[in-house]
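Heads up, the thing below is written out as structure tokens.
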Amino acid sequence: QVQLVESGGGVVQPGDSLRLSCAVSGRVFGRLGLGWFRQAPGKEREFVAAISFGDGTTYYGESVKGRFKVSRDIAARTVWLQMNSLRSEDTAVYYCAASPGILDLWMSSSYDTWGQGTQVTVSS
């Protein structure tokens, strides 16, 4: 069983950067996918980015391509989401999630473990 704890959220201004962390504990296997999703008030949960924990292959949602970067440190069991050029529409609760495989990581239904979420607010 995998446990996830996010950190790093906060309030920033448009154009600023922020880095979220997701600490992974428990039994971790090679074919593990880690994803980031976000949910703004009144909106559906949206895929942000994902990474194959084993080989580091990355995937991004269209709205964040070129601005966000997902990475991981296997030894530290940590996944990061570096968010640059933040916009007001990036305001949401960001969730880290773990998938038992590496297929369809853009789909929330592929994940069976979720963190508690961390709030990101982009406001001037």
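What follows draws every value from the coordinates through simple rules; no lab data is involved. On a predicted model such as this, the values are computed, not experimentally measured, just so you know. As a convention, Cβ positions derive from the backbone with ideal geometry for all residues, glycine included, and neighbour counts pool all protein chains shown.
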Task: Positive-end residue of ALA98, SER71, GLN116, charge dipole of the chain with Cβ unit charges - done: SER71
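Using a 10 Å cut-off on Cβ atoms, rank the peptides 112-122, 77-87 from the highest mean neighbour count down.
With the highest mean Cβ count within 10 Å placed first, the list reads 77-87, 112-122.
I'd like the FRET efficiency for GLU89 and ASP55, computed as 1/(1 + (r/R0)^6) with the beta carbon distance as r and R0 of 35 Å, rounded to 0.05. Numbers along the way, then the final one.
Values: r = 31 Å, r/R0 = 0.90.
So the FRET efficiency works out to roughly 0.65.
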TODO: Mind giving me the nanometre distance, one decimal, between the label points for SER63 and ASP104, set 7 Å out from Cα along Cα→Cβ?
DONE: 2.2
Task: Among ALA40, VAL12, SER52 - extreme Cα towards positive end, dipole of the chain, charges at beta-carbon - done: SER52
Task: the stretch 4-21 and the stretch 55-124: distance between their alpha carbon centers, rounded to Å - done: 11
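Between THR121 and ARG19, what's the calculated FRET efficiency when r is the beta-carbon distance and R0 is 22 Å? Round to 0.05. Kindly include the intermediate steps, with their values, before the conclusion.
On the way: r = 15 Å, r/R0 = 0.69.
After rounding to 0.05, the efficiency reads 0.90.
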Task: Rounded to the nearest 20 debye, dipole of the stretch 1-85 from Cβ charges on Lys, Arg, Asp, Glu - done: 120
- [ ] Scan the stretch 1-107 for GluC sites (Glu not before Pro) in coil per DSSP, keeping those whose Cβ has at most 16 other Cβ atoms within 10 Å, and list them by number.
- [x] GLU44, GLU62
TODO: Taking amide H positions as placed in the peptide plane 1.01 Å from N, state which residues far from ARG72 in sequence (5 or more) or on other chains have amide H under 5 Å from it.
DONE: TRP80
Open item on the list: Can you compute the FRET efficiency between GLN39 and VAL5 using 1/(1 + (r/R0)^6), with r the Cβ-Cβ distance and R0 = 30 Å? Round to the nearest 0.05.
Closed with: 0.95
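With an 8 Å cut-off on Cα pairs and a minimum separation of 6 or more residues, tell me the relative contact order of the stretch 64-124 in percent.
On the way: 75 pairs, mean separation 18.4, N = 61.
Value for the stretch 64-124: 30 percent.
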